[in-house]
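FYI, it's all coordinate maths here, none of it is from the lab. Note that the structure is predicted; figures quoted are calculated from it, not measured. For neighbour counting, all protein chains shown are included, and Cβ atoms are generated from backbone atoms with ideal geometry for every residue, glycine included.
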Amino acid sequence: METIVHSKMLNVFLLSFIKKLLSLPIPSLLATSLALRMLNLGT
């Protein structure tokens, strides 16, 4: 049960983090690949 809640919170955090990255003047492709790498680490 705890792991499910934890992963949900982690996903919410990652989504907000990705949104912050995309709002920065970085190429969105780089930000997306970085976010995907983090998602792969999280699973």
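At a 10 Å Cβ-Cβ cut-off, how would you order 18, 4, fewest neighbours first?
Placing the least packed residue first, the sequence is 4, 18.
List the extent of the Cα atoms of the chain along each of their three principal axes, largest first, rounded to whole Å.
38, 17, 7
Given only helices, namely DSSP H runs of n ≥ 4 each adding -39500 (n - 2.57), what is the per-residue ellipticity at 222 nm of the chain, to the nearest 500 deg cm²/dmol?
-29500 deg cm²/dmol
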